[in-house]
Structure formats: structure tokens, C-alpha cells
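> Please find one structure pasted underneath; my questions will follow.
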Amino acid sequence: MNFVAIDFETANRYRSSACSLAAVTVENGKITRTAYSLIRPPELKFDYWNTRIHGIRAEDVADKPSFAELWEKIRPHLEGKIVIAHNAPFDISVLRSVIKAYDLPMPRFQHACTIDMARRVWPDQPSYKLSALADNFGVSFEHHHALHDAKVCAFLAIKAAENRQINHFTELLETLSIKLKEF
């Protein structure tokens, strides 16, 4: 099981407003590296509801690096890898938007969503929200903190593989009839 779980939080309704990012690297079914950073979005415009959800304010990121300043450190961790996220369409669209906003080189990787995986592995769940699935497994975490969310996402993928007694991520997806998407 080798993959990278990511999670973004945004400052406002615009996908290019990433204000935090986490990446959790899993190698051979074990978390081997974690990274988290607050990010200064292109504009320091924070919507009330976004801040209410994740607690990050403009003053928290005013002196933090922009995504463009972090990109060359982030990119090698994604390039050529399998990247997962819980509600991947959101996180992948944030990544695509910030890369486009700063006119950065696009990485090449494949991605999948742990919501899709969870629905197939545990079909009787009343909810597939990250917090509900974490509760189901007795995992306590600070929801909407990017690093905590990425760790729970990684945990779910590892648990899904254990449930199916599979050691390779691509094999897990094949048994679940999930196709990897290209970034």
C-alpha cells in the first residue's frame, strides 16, 4: 500500500484560496511522512463560514508562504504517485486551481477518492462523512484540520485494504471497481 493522502482548507468559496495543506505519505501500508503548512492565499479574504469551519483567519496566514513558494517542496511528493483524498473532487480541484492561479507546472499523478472506497467496502454506513467514518472506527481527530483529515483519509484506505486482505493499492481499487483518474 503506497499512496499519498492530501487535504486542503480554503479561505473562501474560491478553490484557489487554499489556506492550509497537508500530505501524508504511506509506504508499505504505514505512514512514513507527514507534512502540514498554513498557506497565504493570493488574497487575504476569508469568508466567515470557512473560518468557522476550520478556524484559520487572515492574520494566521499573513506571514506564511504562498502556495507558489511551497510548490517545489510539495510537487515531488505528488509526482508519479497515487494521491487520495476524502471527497477528492474538492481537493483535486483546489490543487488544480492554485497551480493555475500561480501558473505553476502541472504534476502528473493518479488519484482516487476514499468516499468511493468506503461506500464499497462498508456499504451499510449511515454516513460517509470523514467524521462519521472516523467515529465508526473510534478515531478521535480535529476535523477540518488538514493534517488530521489527511491522516484519517490514509487510515481509511489502509483499513479498506485490511478489510479486503490486499497489500497493493491498485489491486484494492480493481477489486472495488474504482478506476484511478489522471491529474
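The values are calculated or read from the model by the stated rules, or taken from the named source; none is laboratory data. Since this is a predicted model, take the numbers as computed values, not measurements. When we count neighbours, we look across all protein chains shown, and the Cβ atoms used for this are built from the backbone with ideal geometry, even at glycine.
> Could you check segment 139-172 and list, in sequence order, the residues that are surrounded by 21 or more Cβ atoms within 10 Å (Cβ to Cβ), among the hydrophobic types (A, V, I, L, M, F, W, C) and touching a strand residue (DSSP E or B) at 6+ places or on another chain (Cβ under 8 Å)?
Residues satisfying the conditions are ALA146, ALA150, CYS153, ALA154, ALA157, PHE169.
> Could you go through segment 108-119 and let me know if any residue there is surrounded by fewer than 17 Cβ atoms within 10 Å (Cβ to Cβ) and aromatic (Phe, Trp, Tyr).
No, segment 108-119 contains no residue that is surrounded by fewer than 17 Cβ atoms within 10 Å (Cβ to Cβ) and aromatic (Phe, Trp, Tyr).
> Same structure, new question: What pairs come out if I take residues in segment 81-104 that are of a type in the set (S, T, N, Q) and pair them with residues that are crowded, with 18+ Cβ neighbours inside 10 Å whose C-beta lies under 7 Å away, six or more apart or interchain?
That search, which allows pairs on different chains as well, returns ASN87/CYS113; ASN87/ILE115; SER93/ARG15; SER97/ARG15; SER97/SER16.
> Let me ask something else. Go through segment 151-179 and give me each residue that's over 14 Å from ASN2 (Cα atoms) and in contact with a helix residue (DSSP H, G or I) (Cβ under 9 Å, 6 or more places away or on another chain).
VAL152, ASN163, ARG164, THR175, LEU176, SER177, ILE178, LYS179
> If we scan segment 60-80, do we find a residue that is in a loop (DSSP other than H, G, I, E, B), of a type outside the set (A, V, I, L, M) and buried (at least 18 other Cβ atoms within 10 Å of the Cβ)?
no
> Continuing with this model, one more query. State whether one or more residues within segment 106-126 are among the aromatic types (Phe, Trp, Tyr), over 12 Å from HIS86 (Cα atoms) and out of contact with any strand residue (DSSP E or B) (no Cβ under 8 Å at 6 or more places or on another chain).
yes
> With the structure loaded, tell me whether ARG120 is farther than 21 Å from PRO41 by Cα and in a helix (DSSP H, G or I) or whether it fails that test.
When the stated conditions are applied, ARG120 passes them.
> Within segment 3-21, is there a residue that is part of a loop (DSSP other than H, G, I, E, B), loosely packed, with under 15 Cβ neighbours inside 10 Å, out of contact with any Ser or Thr (no Cβ under 8 Å at 6 or more places or on another chain) and touching a residue at least 60 places away in the same chain (Cβ under 8 Å)?
Scanning segment 3-21 turns up no residue that is part of a loop (DSSP other than H, G, I, E, B), loosely packed, with under 15 Cβ neighbours inside 10 Å, out of contact with any Ser or Thr (no Cβ under 8 Å at 6 or more places or on another chain) and touching a residue at least 60 places away in the same chain (Cβ under 8 Å).
> While we're here: Considering only residues that are loosely packed, with under 14 Cβ neighbours inside 10 Å and among the charged types (D, E, K, R), which ones fall in segment 88-107?
Correct list: LYS100, ASP103.
> Quick one: would you say ASN136 is at pLDDT below 95, of a type outside the set (Ser, Thr, Tyr) and surrounded by fewer than 21 Cβ atoms within 10 Å (Cβ to Cβ)?
No: the conditions fail for ASN136.
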